[in-house]
Every structure is written in structure tokens, then in C-alpha cells.
């Protein structure tokens, strides 16, 4: 319990430090965008690779992946119900704002700091979550509210997902787990500095 508290306190300190630096003018909005790109393209994929490597696929992982999709679907349609008396734009905001989970930028950095064994479980949930937030939710909202015809929807979603580095890493590790393969630990050594920096950069992005 003390370890969890100390790790939570350290993350809070990083968050407060980011806010302080922004208040002092040492960090600007554009710096946050740069740090966010570093997280998405470098540190988070490295964290996923190291955390999920050697994971053996089980029914639990498949359930978590489906849960990531189903909980998003539930929240999307809950947003539609809550915003049913609003105009289409406001109702769309309800649907967008209620759905989606910030697993990569918050949950994974927090949990990896004191319980790295949980990363594979978070990753499988986030794989389903990423499938929704990178385009599927938008497609549902547009079809539901504005009756837009999504031509080539499957191809569009696939292209969008492939532009999301964490999701590509999820697919890679999921494929390796199906085959019962893993990446040799020696190959991952150069990625460990990037993985170690993920918590700091992720929390700085939030700050």
C-alpha cells in the first residue's frame, strides 16, 4: 500500500512540476504537442513492447479486448440517450466526450511504475479501446446523427489504425502471442531508456 501511495505521490509531483513550468513560461502549448508526439511514437510503444513481451495468450486477454470495445459502445450510446433532447452537434459531443479511455497516457504510466505485471492486461483492454477511439466511434456518431454514408469504412478504419503506433505494436505483440513467440530480451535493451521515460513524458503531457 505504501508503494502505491509513494508512486501516486511521485506522479502528482511530476504533474505539479509541469504545471509550475508552464506557469513560469518555461513550457508552452506547442511543447506539450511535441512531448505528446514523443509519447505516442516512441516511449509508449517501447513500454508496450517490453511490458507485453513473453505474454501467453489466454481467454482472459480476449475478454479484456472485447470489454474495451463493448464499454466504449455502451458509453457512446449512453451519450446519445443523455443528449437526445439536444441538437445533433451537442448530442455528438455527448457521445464523443463520454466514450474513450486514456489508457496510454495515464493508466499504463501509473501502473507500470509499481505493478508492471499488469501491463499485458491493460494492453489487451486498450487494444479494444484503441479500435474505437481511432475512428470507429466517429463513424458511429456520423452515421447515427447525420446519416452519413461511410464508403469504404473498413479500409478507412484500417488505414487510421495503422497510423497509430501503439495500436500497431498491440497487433504485433498479439500476433506473436498467438504464435507463441516472443522478442529476445537482448533486442529490447535499447528500448528500455525510452520505456523508462514514458511515465515522465506522459504525465508532463497531461500537465
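Checking residue 47 against (1) over 22 Å from residue 137 (Cα atoms); (2) in a loop (DSSP other than H, G, I, E, B); (3) touching a residue at least 12 places away in the same chain (Cβ under 8 Å), which single condition isn't satisfied?
(2)
Inspect segment 82-100 for any residue being within 18 Å of residue 163 (Cβ to Cβ) and modelled with pLDDT of 85 or more and give the result as yes or no.
yes
With the requirement that a residue be closer than 24 Å to residue 114 by Cα, more than 18 Å from the chain's Cα centre (by Cα) and either modelled with pLDDT under 85 or not in a helix (DSSP H, G or I) (or both), what does segment 150-207 give you?
Within segment 150-207, 182, 183, 184 qualify.
Take segment 107-125 and flag every residue that is under 29 Å from residue 77 (Cα atoms) and modelled with pLDDT under 75.
None - no residue of segment 107-125 is under 29 Å from residue 77 (Cα atoms) and modelled with pLDDT under 75, so the list stays empty.
If you go through segment 80-92 one residue at a time, do you hit one that is surrounded by fewer than 17 Cβ atoms within 10 Å (Cβ to Cβ), in contact (Cβ under 8 Å) with a residue 40 or more places away in the chain and part of a helix (DSSP H, G or I)?
We begin by selecting, within segment 80-92, every residue surrounded by fewer than 17 Cβ atoms within 10 Å (Cβ to Cβ); these are 81-82, 84-90.
Now restrict to residues that are in contact (Cβ under 8 Å) with a residue 40 or more places away in the chain: 88.
Applying the additional criterion that residues be part of a helix (DSSP H, G or I) yields 88.
Yes, segment 80-92 contains a residue that is surrounded by fewer than 17 Cβ atoms within 10 Å (Cβ to Cβ), in contact (Cβ under 8 Å) with a residue 40 or more places away in the chain and part of a helix (DSSP H, G or I).
Filtering segment 50-60 down to residues that are in a helix (DSSP H, G or I) and more than 17 Å from residue 166 (Cα to Cα), which residue is farthest from the chain's Cα centre (by Cα)? Talk me through it step by step, then tell me what you get.
So the first thing to find is which residues in segment 50-60 are in a helix (DSSP H, G or I), and the list is 50-52, 59-60.
In the following step, the residues that additionally are more than 17 Å from residue 166 (Cα to Cα) were identified as 59-60.
Values: 59: 21, 60: 19 Å.
Once the filter is applied, the top-ranked residue is 59.
Hey, any hits in segment 133-146 for a residue that's closer than 26 Å to residue 179 by Cβ, in contact with a helix residue (DSSP H, G or I) (Cβ under 9 Å, 6 or more places away or on another chain) and modelled with pLDDT under 85?
Scanning segment 133-146, I find at least one residue that is closer than 26 Å to residue 179 by Cβ, in contact with a helix residue (DSSP H, G or I) (Cβ under 9 Å, 6 or more places away or on another chain) and modelled with pLDDT under 85, so the answer is yes.
The values are calculated or read from the model by the stated rules, or taken from the named source; none is laboratory data. Everything quoted here is computed from the prediction, not taken from an experiment. A quick note on method: Cβ atoms are made from the backbone with ideal geometry, for glycine too, and the neighbour counts reach across all protein chains shown.
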